[in-house]
Amino acid sequence: MVSRTAPAVTVNDLVKIYPRPGGGTLRALDRVSFEVADGEFFGFLGPNGAGKTTALEIIEGIRQPTSGEVRVLGVDPRKDLDLVKQMIGVQLQAASYFSLLTITEILELFGSFYPKRCPARQLLETVGLEDKGKAYVRHLSGGQQRRLSVAAAMVNDPEVIFLDEPTTGLDPQMRHSLWELLQRLNHDEGKTIVLTTHYMEEAELLADRVAIIDHGKIKAIGTPRNLIAPLDGVGHIEFAATAPVDVAELASLTGVSQVTSSGDGSLTAPSYRMAVTDPRSAVTSLFNWADGKKLDLRGLEVVPGTLEDVFLQLTGRELRE
C-alpha cells in the first residue's frame with residue numbers, strides 16, 4: 001500500500017530535450033518542479049507547444065525524461081510503471097476505440113486489464129451515458145465521446161486522473177456539461193485531477209491551483225485568486241457602441257493598454273474590449289470621450305483581472321495559439 005500522506009504527484013527539476021530535425025535541440029521542459037496534493041484539482045495552463053502534454057506523459061510513464069524526478073503517490077514511474085498504471089487513469093487528447101464494440105463492451109474490455117475495476121454500468125451512470133450502453137462510439141456526439149473517454153480513464157477506480165485538454169473542440173454547452181462532471185468527480189468522489197488546458201475560463205473555474213507554463217518553463221503557480229491578486233487594478237472594460245469607432249482613439253485614452261473589437265455594425269452594435277491598467281481613470285476618460293463624440297455606450301461593464309491578464313503580464317503574448 002502507498003502512504004496517503006505523500007503528495008499525489010511530485011515533480012522535481014524535470015527536463016525533456018528533443019533533437020531538432022536538421023540539427024540542434026528543443027528543450028520542451030526546462031527544470032519544471034511542482035507538487036499536486038491528494039484530492040486537489042490541479043490545472044496546467046499554457047498555449048499549444050508550451051510543454052503541458054510532455055509533462056503529463058512523463059508523469060504517466062509514457063515518455064522518459066532527459067533528467068529530473070517524478071513520483072506518483074510516492075512511486076517512481078520509471079521503476080514501477082505497472083504499479084503506477086494501477087493507481088492512475090489517463091485521458092489522452094485523442095483516442096480511438098473498437099468500432100464493432102458497444103461502449104459497454106469497450107469499458108468491460110478495458111476493465112479486464114486491471115486487477116481492480118469498476119462495473120461498466122456504474123461508469124456510464126457516473127458520466128451520464130447510462131442510456132447509451134448499447135451504442136457504438138460512432139453514434140455518440142462529440143461531448144458524449146469525451147464523457148466516454150473520462151469513463152475509460154476510470155475503469156480501474158484510479159486515485160489520480162490525468163486529463164489532457166479534455167474539452168478542446170467542444171461547443172460551450174458540451175464544455176460546461178463536462179466541467180460539471182469533473183467537478184463532481186473531484187468534490188464528491190475525492191479524485192485527484194490533473195488537467196491541461198489552453199482555456200483561461202476552464203482553469204479559473206475548475207482548478208484549486210494553476211501552473212502557468214510557457215516555452216517549457218513554469219512562469220507562476222498558485223490559486224487563481226492569488227495569481228490574479230497582484231495585478232493592481234488590471235482588468236477590462238467591455239461595452240457596445242451605437243456606431244463603429246476608431247479603435248486607435250480608444251487605445252489612446254488614459255489608463256487603456258489595449259483594445260479589441262468585434263462586429264461590424266451591420267446586424268448588431270459593434271462591441272469593444274479595453275484592457276486597462278487604471279480602471280477609474282479609464283472609465284472617466286471613456287465617458288468624456290463618448291460625450292465629445294455624442295456616442296451612447298451600451299452594456300458597459302468593468303471586469304476584474306483574469307488569468308488571461310496574468311498570462312499576458314508574465315509572457316507578453318496571447319494564450320490561444
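The values are calculated or read from the model by the stated rules, or taken from the named source; none is laboratory data. Predicted model, so just to flag it, every value in this text is computed and none were measured. Neighbour counts are summed over all protein chains in view; Cβ atoms, including those assigned to glycine, are modelled from backbone coordinates with ideal geometry.
In the stretch 66-92, which residue that is out of contact with any helix residue (DSSP H, G or I) (no Cβ under 7 Å at 6 or more places or on another chain) and in a loop (DSSP other than H, G, I, E, B) is surrounded by the most Cβ atoms within 10 Å (Cβ to Cβ)?
Taking the candidates together, the pick is L92.
Only one of these conditions is not met by G39: (1) surrounded by 13 or more Cβ atoms within 10 Å (Cβ to Cβ); (2) in contact (Cβ under 8 Å) with a residue 12 or more places away in the chain; (3) over 23 Å from G190 (Cα atoms). Which number is it?
The failed condition is (3).
Are there strands (runs of 3 or more DSSP E) fully within the stretch 137-231 with at least 3 residues that are in contact (Cβ under 8 Å) with a residue 24 or more places away in the chain and more than 25 Å from L73 (Cβ to Cβ)? List them.
Counting at least 3 such residues, we get 217-222.
Just need a number here: residues in the stretch 34-50 that are small (G, A, S) and under 19 Å from V15 (Cα atoms).
Result for the stretch 34-50: 3.
Filter the stretch 209-261 down to residues that are in contact with a Phe, Trp or Tyr (Cβ under 7 Å, 6 or more places away or on another chain), within 30 Å of A55 (Cα to Cα) and among the small types (G, A, S), then give me how many there are.
Residues flagged as in contact with a Phe, Trp or Tyr (Cβ under 7 Å, 6 or more places away or on another chain), within 30 Å of A55 (Cα to Cα) and among the small types (G, A, S) within the stretch 209-261 amount to 1.
Which one of V259, V247 is touching a residue at least 12 places away in the same chain (Cβ under 8 Å), outside the structural domain of S33 (by TED's automatic domain parsing), over 30 Å from L26 (Cα atoms) and surrounded by fewer than 16 Cβ atoms within 10 Å (Cβ to Cβ)?
Among V259, V247, only V247 is touching a residue at least 12 places away in the same chain (Cβ under 8 Å), outside the structural domain of S33 (by TED's automatic domain parsing), over 30 Å from L26 (Cα atoms) and surrounded by fewer than 16 Cβ atoms within 10 Å (Cβ to Cβ).
From the set of residues in the stretch 44-65 that are part of a loop (DSSP other than H, G, I, E, B) and free of Cβ contacts under 8 Å to residues at least 40 places away in the same chain, which is surrounded by the fewest Cβ atoms within 10 Å (Cβ to Cβ)?
Q64
Return the total of residues in the stretch 93-125 being surrounded by 13 or more Cβ atoms within 10 Å (Cβ to Cβ) and free of Cβ contacts under 8 Å to residues at least 60 places away in the same chain.
23
Among S149, S141, which is under 20 Å from the mean Cα position of the chain (by Cα) and assigned by TED's automatic domain parsing to the domain that holds F98?
From the options S149, S141, the qualifying one is S149.
Failed condition for T168, given (1) buried (at least 17 other Cβ atoms within 10 Å of the Cβ); (2) within 19 Å of L56 (Cβ to Cβ), with all others met?
(1)
Which number in (1) more than 17 Å from the chain's Cα centre (by Cα); (2) assigned to a loop (DSSP other than H, G, I, E, B) marks the one condition that E105 misses?
(2)
Can you spot a residue in the stretch 21-42 that is of a type outside the set (A, V, I, L, M), closer than 15 Å to H215 by Cα, assigned to a loop (DSSP other than H, G, I, E, B) and assigned by TED's automatic domain parsing to the domain that holds K191?
Taking every residue of the stretch 21-42 in turn, none turns out to be of a type outside the set (A, V, I, L, M), closer than 15 Å to H215 by Cα, assigned to a loop (DSSP other than H, G, I, E, B) and assigned by TED's automatic domain parsing to the domain that holds K191.
All but one of (1) buried (at least 19 other Cβ atoms within 10 Å of the Cβ); (2) in a strand (DSSP E or B); (3) of a type in the set (V, I, T) hold for V15, so report the exception by its number.
Result: V15 fails condition (1) only.
Can G74 be described as in contact with a strand residue (DSSP E or B) (Cβ under 7 Å, 6 or more places away or on another chain), assigned by TED's automatic domain parsing to the domain that holds I212, at positive phi and of a type in the set (G, A, S)?
For G74, the condition - in contact with a strand residue (DSSP E or B) (Cβ under 7 Å, 6 or more places away or on another chain), assigned by TED's automatic domain parsing to the domain that holds I212, at positive phi and of a type in the set (G, A, S) - is not met.
For R27, state whether it is surrounded by fewer than 20 Cβ atoms within 10 Å (Cβ to Cβ), among the basic types (K, R) and more than 27 Å from T306 (Cα to Cα).
yes
When the stretch 232-244 is examined, which residues are found to be crowded, with 19+ Cβ neighbours inside 10 Å and either modelled with pLDDT under 90 or in a helix (DSSP H, G or I) (or both)?
V234, G235, H236, A241
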